[in-house]
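Trainee: Structure in structure tokens, see below.
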Amino acid sequence: MLPEGIEEILPEEACRLEQLRRRLLDLLGTWGYEQVMPPLIEYLDALLTGTGRDLDLQTFKLTDQLTGRLMGVRADMTPQTARIDAHYLKRECPVRLCYVGNVLRTRPDAFAGSRELRQLGAELFGHPGPESDIEIARLMLAALAAAGLRDLHLDLGHVGVFRALAAEARLPEELEGDLFEALQRNARSRIEALLARCDAPAGAKAMLAVLADLNGGTETLIHARELLKSAPPAVQVALINLERVADAVTHAGTPVYIDLAELRGYRYYTGVVFSAFVPGQGQAVAQGGRYDGIGRAFGRARAATGFSTDLRRLLRLVAADAAGSKGILAPHAGTKGLDEMMATLRAAGERVVTRLPGDSSSVRALGCDRELVEQGGQWLVKPA
């Protein structure tokens, strides 16, 4: 009955999803992140301004019946959050914002995946240093741990290394794009063939080719500094920043994997990029990175770094707590004592369900695991 990749959320999952949303928003708040609520739909030219243009193919489009203008349903909340920072808040200090909401995409990210995500994310605007990348990476890992995920590890890369090497080699735009695709697939023969077509210096081509081999543990950065020692200064700065992020995450207890050919979101990101993984999952459970200059399209370029994840995906990776209490079933016959007891239980956060007249359903069928019974003139909570 529903379109492919669109799902309904039934009561049990909806309850767990809402609990997870509250828990993670509370966590983000303790780190100083203020929540914003961008609109679900906007005029297309505003929605796809700046880095949002990369989302064009993922954005559902429709016509506004009031104005005749083309509108779009958001496929990602990050560009909207950047607009809020640059266009509305206009603060000079670093700004920390977070959000959670539905996003809709024309195609699923993975085979049989969903096209409607419950996206949660955090963005830090106005600070260009690795310290803000470290904060976002740590915050992402803390959020995933709070969601119940264990045995996390982090993949780290830096788009700036490839950008600087490609600029030094003066690669034509088309060739640069083809080389980017080949590096993503680790297609060595294709990489060699593409580099053979350009007339860049041999040293520049060799450094581009070696990116496919620079992956592994943190020792990879030692090899990178040696193999790329003649690279432009921007590459050296990128490697130093990447090392600082890797050290900070490793010291916090999370294993790190370095991959300098990891160019996910190459046209979007500008610096450090990171993805969190858990055992048994081939796809990242959360992703983030630096995307400086995103506010330029809104008249105020800002340094920016952030992460996002899909709450529904996190929920599927964490087993439901079967031992958790479900609720208390109370009789319908209302007395002052019963009403006061029910109000007290609800004020304490308990779920109290009233049995309606004529309903003979079991306690379990009504979603409860305990029952409110009267004994000796007192109302007591008893196991069902």
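Trainee: Probe 1.4 Å, all protein chains in place: accessible area of Val36 in Å², nearest 10?
Mentor: About 20 Å², rounded to the nearest 10.
Trainee: Another question, if that's okay. Return the calculated 222 nm mean residue ellipticity for the chain, to the nearest 500 deg cm²/dmol, obtained by summing -39500 (n - 2.57) across DSSP H runs with n ≥ 4 and dividing by the residue count.
Mentor: -11000 deg cm²/dmol
Trainee: Can you give the FRET efficiency to the nearest 0.05 for Val318 and Arg91, using r as the Cβ-Cβ distance and R₀ = 35 Å?
Mentor: Rounded to the nearest 0.05, the efficiency is 0.45.
Trainee: Sticking with this one: Comparing Ala246, Ala231, Ala333, which has the greatest mean-square fluctuation in the GNM of the chain with Cα pairs linked when under 10 Å apart?
Mentor: Checking each option, the largest mean-square fluctuation is seen for Ala333.
Trainee: Next question, about the same structure. When all protein chains stay in place, what accessible area (Å², nearest 10, 1.4 Å probe) is found for Ser360?
Mentor: Accessible area, nearest 10 Å²: 110 Å².
Trainee: If you don't mind, another one. Between Ser362 and Ala142, what is the FRET efficiency for a Förster distance of 45 Å, r being their Cβ-Cβ separation, to the nearest 0.05?
Mentor: Computed FRET efficiency for Ser362 and Ala142: 0.65.
Trainee: Ordering Leu48, Leu314 from largest to smallest accessible area (1.4 angstrom probe), what's the sequence?
Mentor: The residues order as Leu48, Leu314, largest area first.
Trainee: Ok, one more. What percentage of the solvent-accessible surface of region 1-125, computed with a 1.4 Å probe over protein heavy atoms, is contributed by carbon and sulfur atoms?
Mentor: 56
Trainee: Using a 1.4 angstrom probe on the protein heavy atoms only, line up Glu7, Glu226, Glu173 by accessible area, largest first.
Mentor: Result, largest first: Glu173, Glu226, Glu7.
Trainee: Would you mind telling me the share, in percent, of accessible area of region 279-384 contributed by carbon and sulfur at probe 1.4 angstrom?
Mentor: Exposed carbon and sulfur together represent 51 percent of the surface.
Trainee: May I pose another question? For the pair Asn102 and Leu66, what calculated FRET efficiency results from E = 1/(1 + (r/R0)^6), where r is the Cβ-Cβ distance and R0 = 35 Å, to the nearest 0.05?
Mentor: It comes to 0.95.
Trainee: What does the accessible area per residue of the chain come to in Å², with a 1.4 Å probe and no ligands, DNA or RNA counted?
Mentor: 50
Trainee: Based on DSSP H assignment, which helices of the chain show an axial Cα extent of at least 20 Å together with a mean Kyte-Doolittle hydropathy greater than or equal to -1.0?
Mentor: For the chain, where a helix must reach 20 Å along its axis and average at least -1.0, the hits are 11-30, 130-146, 233-251.
Trainee: Another question, if that's okay. Calculate the spin-label point distance for Gln19 paired with Ala343, positioning each point 7 Å from the Cα along the beta-carbon direction, and give it in nanometres.
Mentor: Each label point is offset 7 Å from its Cα along the Cβ direction, giving 2.7 nm.
Trainee: Mind checking the full-extension length gain between His332 and Thr250? Use 0.36 nm per residue of separation minus the Cα-Cα distance, one decimal, nm.
Mentor: Full-extension gain reported as 23.8 nm.
Trainee: A further question on this structure: Can you divide the C-alpha Rg of the chain by 2.2 N^0.38 Å and report the result to two decimal places?
Mentor: So the chain has a normalised radius of gyration of 1.22.
Trainee: Where in region 328-349 is the amide nitrogen less than 20 Å from a point lying 7 Å along the Cα-to-Cβ axis of Gln378?
Mentor: 328-331, 335-348
Trainee: Per residue, what volume in Å³ does the Cα convex hull of region 229-384 take up?
Mentor: Considering the Cα atoms of region 229-384, their hull volume per residue is 238 Å³.
The values are calculated or read from the model by the stated rules, or taken from the named source; none is laboratory data. Just so we're clear, the structure is a prediction, and the values are computed from it rather than from any experiment. Positions of Cβ are backbone-derived with ideal geometry, glycine not excepted, and every protein chain shown enters the neighbour counts. In case anyone asks, the SASA skips ligands and DNA or RNA and just uses the protein heavy atoms, side chains included. Shrake-Rupley method; radii C 1.70, N 1.55, O 1.52, S 1.80 Å.
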